[in-house]
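Report on the following structure.
Every number in this text was worked out from the coordinates using simple rules, so none of it is lab data. These numbers come from a predicted model, not from an experiment. Here the Cβ positions follow ideal geometry from the backbone for every residue, glycine too, while neighbour counts run over all protein chains shown.
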Amino acid sequence: MYLFKRVADLQEALGQEKKAGKRIGFAPTMGALHQGHISLINEAKTQCDIVVSSIFVNPTQFNDPKDFEKYPVTIKEDILALSGAGTDILFLPSVEEMYPEGVNGKHPHYGFGYLETVLEGAYRPNHFQGVGIVVHKLLNIVEPDDLFMGQKDFQQCMIIKRLLEITGIPAKLHICPTLRETDGLAMSSRNMRLSPSERQTAAQISRTLLYIKENVKQLPFPEIKQNAWKQLQDAGFQPDYVEIANADDLQLLDKPLPSGQMVMLIAAKLGEIRLIDNMLT
Ligand code: PAF
């Protein structure tokens, strides 16, 4: 695996691969890698000739400075995990390399519309603008044919789909399924920050999503959401939202869709740690 810290060096290496007609796959990350990230690399390897990953904890997407400071950093382990998984190139830029204009400099504003006003958008102001800024930069740098992202961040995937439409960047987006621990907890870098007892409780989110999934066709939505909310609270969570939405456009639903896919989404805090998860039905 080659590791580049500078845009120019990465682009020189990639240029040669592109000239040789190689298909480039890209999985952007913020590090603190787990098997969910590795599954993106594995999928990219089945579809592409050259797999690029990046590790960059992006300051502009953290609405809460404390969350940014405490975001887990495990670079040594991440490098080993990525090279073990067969990643060809790792891009590990500094903040200055990614933001030569300065983190507080002038950035584009993306018209994500409704998508950034609901759920994560409502609870994390400007978060998706920050994601848009950094993913747009990374896509311009790497110019991948294929982009691999995890369904765990369902709304983020929709934002990136919209970003590709807005910018006309021709990368194909692949949304890869959420990987779960044996007790159902969705894999997430933030799980590392849970205490042992919080870690046990954390699996309640996926149990509650399963409860919603099982009842979505039988019970009225307000009742389902109320029961789900109570399950989370009884387990020790402070829920931010429990919602059922149209999986195509994230419009919130108060009754089942006559046709088409629905998505159930939860965000809830356990102590200091805010977890999100979703399931499709
Ligand atoms: O999902 C993430 O890890 C980040 O939001 C991303 C897409 C790498 C942008 O910083």
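For the reader, a short list of remarks on this structure follows.
- With Cα atoms, 0 to 90° folded angle of helix 127-142 axis to the chain main axis: 30 degrees
- Stretchable slack from Glu272 to Met1, in nm (0.36 nm times residue separation minus alpha-carbon distance): 94.0 nm
- Packing, as the average of other Cβ atoms within 10 Å across residues, places the peptides 190-196, 174-180, 54-60 in the order 54-60, 174-180, 190-196, highest first.
- Computed magnitude of the charge dipole of region 124-184 (debye, nearest 20; Cβ of K, R +1, Cβ of D, E -1): 200 debye
- Theoretical FRET efficiency, 1/(1+(r/R0)^6), r = Cβ-Cβ of Asp49 and Asn140, R0 25 Å, to 0.05: 0.75
- Region 34-125, relative contact order in percent, only Cα pairs under 8 angstrom and at least six apart counted: 35 percent
- When the pairs Lys172/Lys269; Lys18/Lys161; Lys45/Lys137; Lys106/Lys269; Lys45/Lys161 are compared against a 26 Å limit on Cα-Cα distance, Lys172/Lys269; Lys106/Lys269 fall above it.
- Order of Thr201, Thr208, Thr117 under a 10 Å beta carbon neighbour criterion, fewest first: Thr117, Thr201, Thr208
- Cβ-Cβ FRET estimate between Tyr123 and Asn215, R0 fixed at 25 Å, reported to 0.05: 0.50
- For the chain: relative contact order, % (alpha-carbon pairs under 8 angstrom, 6 or more apart): 17 percent
- Net length available on complete extension from Ser195 to Lys172 is 4.5 nm, with 0.36 nm assigned per residue and the Cα-Cα distance removed.
- Shown here for region 37-143: trypsin sites (Lys or Arg not before Pro) in loop regions (DSSP other than H, G, I, E, B) with at most 10 other Cβ atoms within 10 Å, namely Lys106.
- Computed over region 90-241: relative contact order in percent, which uses C-alpha pairs under 8 Å that are six or more apart: 16 percent
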